[in-house]
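Asker: Right, I'll just put the structure down here and ask away after.
A short reminder: the numbers here are calculations on the coordinates, not readings from a lab. This is a predicted model, so every value here is computed, not measured. Note that each Cβ is placed from the backbone with ideal geometry, even for glycine, and that neighbours are counted across all protein chains shown.
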Amino acid sequence: QTVVTQEPSFSVSPGGTVTLTCDLSSGSVSTGYYPSWYQQTPGQAPRTLIYSTNIRSSGVPDRFSGSILGNKAALTITGAQADDEADYYCVLYMGGGTYVFGTGTKVTVL
Amino acid sequence: QVTLKESGPALVKPTQTLTLTCTFSGFSLSTTGVRVGWIRQPPGKALEWLARIDWDDDKFYSTSLQTRLTISKDTSKNQVVLTMTNMDSVDTATYYCARIRESGAATWFDPWGQGTLVTVSS
């Protein structure tokens, strides 16, 4: 079974930079998996941040950026703010109409 | 404005079949390229993709759950229905529906409904 692994947690200082990654158990993540990233705050539905590796969704601040780093998808927050404290999930498109969500990363800003 | 809202029972008993409805507005599932998906999240745990239905009635399921899931659409009512058979306590979760957008070959979930919590208990 395919597993997509993310770091369980990260702590970042206000104004700092943090990079979250999205790792595929069966091999390297490439743009062909069309990685997308979502932010979820407690009690809320997820919100789209990034799609197709590095395209910011409408209204998403430019401190959020997506990329491929080595063999993983990555989400970087540059200049973290207090309201960036949330859970972050990546999703990979596995082909054949199917998707796998990552295990999620909890980001704390302090 | 695109909106989606999930509805269904808040409580189901073990072994029962769960039926959830996603009612949406702002788009039509009869339009080429339109897709809707279901995702769930057990309390305190990660999101899990369940199923997808396309405008042309193509259907796709999570490999691990495909024997228990059925997704369907009622275009006239702007609804997508998900059924899950043989419910168990491990299926307790918030269930979300989301429009699946596309740009070229890329697809992603946006926007999401508010979710509906389903508890499985006798």
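Asker: Roughly how many debye, to the nearest 20, is the charge dipole of the stretch A:31-99 about its Cα centre, given +1 on each Lys and Arg Cβ, -1 on each Asp and Glu Cβ, and no other charges?
Answerer: Here the stretch A:31-99 has a charge dipole of around 220 debye.
Asker: Short version: what are the Cα gyration tensor semi-axes of chain B, square root of 5 times each eigenvalue, largest first, in whole Å?
Answerer: 24, 14, 14
Asker: On average over all directions, what projected area in square nanometres does the stretch A:25-66 have, based on the convex hull of its Cα atoms?
Answerer: With the hull built on Cα positions only, its mean projection is 3.9 nm².
Asker: GNM, chain A, Cα, under 10 Å: largest mean-square fluctuation among A:73, A:45, A:86?
Answerer: Among A:73, A:45, A:86, the largest GNM mean-square fluctuation belongs to A:45.
Asker: I'd like the antiparallel share, as a percent to the nearest 5, of DSSP beta bridges with both residues in the protein assembly as shown.
Answerer: Of the beta bridges lying entirely in the protein assembly as shown, close to 90 percent run antiparallel.
Asker: Would you mind getting the Kirkwood hydrodynamic radius of the protein assembly as shown from its Cα pairs, rounded to one decimal in Å?
Answerer: 18.0 Å
Asker: Mind putting together the pair-distance distribution for chain A? All Cα pairs, 10 Å bins, whole percent per bin, short to long.
Answerer: Values per bin, smallest distances first: 16, 51, 29, 4, 0.
Asker: Measure up A:106/B:5; B:5/B:59; A:72/A:106; A:72/B:5; B:5/B:45; B:13/B:59 against 29 Å on the Cα-Cα distance and list the ones that go over.
Answerer: Long pairs (Cα-Cα over 29 Å): A:72/B:5.
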